[in-house]
Amino acid sequence: MANTKSAEKAARQAEKHRARNVALRSRMRTAVRDVTTAIAGGDKKAAAATYQAAVPVIDTLVNKRIIHRNKAARHKSHLAARIRAMS
């Protein structure tokens, strides 16, 4: 339990921020999963389209400092490599 007014406010803000971060992280995971599903489906055009939709979602989390830029780069690189490898 918070002992001061400022600590109570910080606790309220932390809870709000956590909820927002969880939602944004979930949105990114869904976008990555959509690309993976499209790749598994075998349609390169659809996979590329979902990848193009996922990149801004991933980059948004970097700008908001929810994930590290190297993690975002790794996600994008791995997905792009899997799309390029499709025939």
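The values are calculated or read from the model by the stated rules, or taken from the named source; none is laboratory data. Predicted, not measured: the structure shown is a model, and the values here were computed from it. Here the Cβ positions follow ideal geometry from the backbone for every residue, glycine too, while neighbour counts run over all protein chains shown.
In region 27-37, what residues are more than 30 Å from K16 (Cα to Cα) and either of a type in the set (D, E, K, R) or surrounded by 15 or more Cβ atoms within 10 Å (Cβ to Cβ) (or both)?
Correct list: T36 only.
Suppose we keep only residues that are β-branched (V, I, T) and assigned to a helix (DSSP H, G or I) within region 38-79. Which one would you say is surrounded by the most Cβ atoms within 10 Å (Cβ to Cβ)?
So, considering only residues that are β-branched (V, I, T) and assigned to a helix (DSSP H, G or I), the one surrounded by the most Cβ atoms within 10 Å (Cβ to Cβ) is T50.
Quick one: what pairs do we get from region 68-87, first residue under 15 Å from A47 (Cβ atoms), second modelled with pLDDT of 95 or more and charged (D, E, K, R), C-beta under 7 Å, 6+ apart or different chains?
As it stands, the answer is I83/K44; M86/K44, since those pairs meet every condition given.
For V22, work out the one condition from (1) within 18 Å of the chain's Cα centre (by Cα); (2) surrounded by 13 or more Cβ atoms within 10 Å (Cβ to Cβ); (3) part of a helix (DSSP H, G or I) it doesn't fulfil.
(2)
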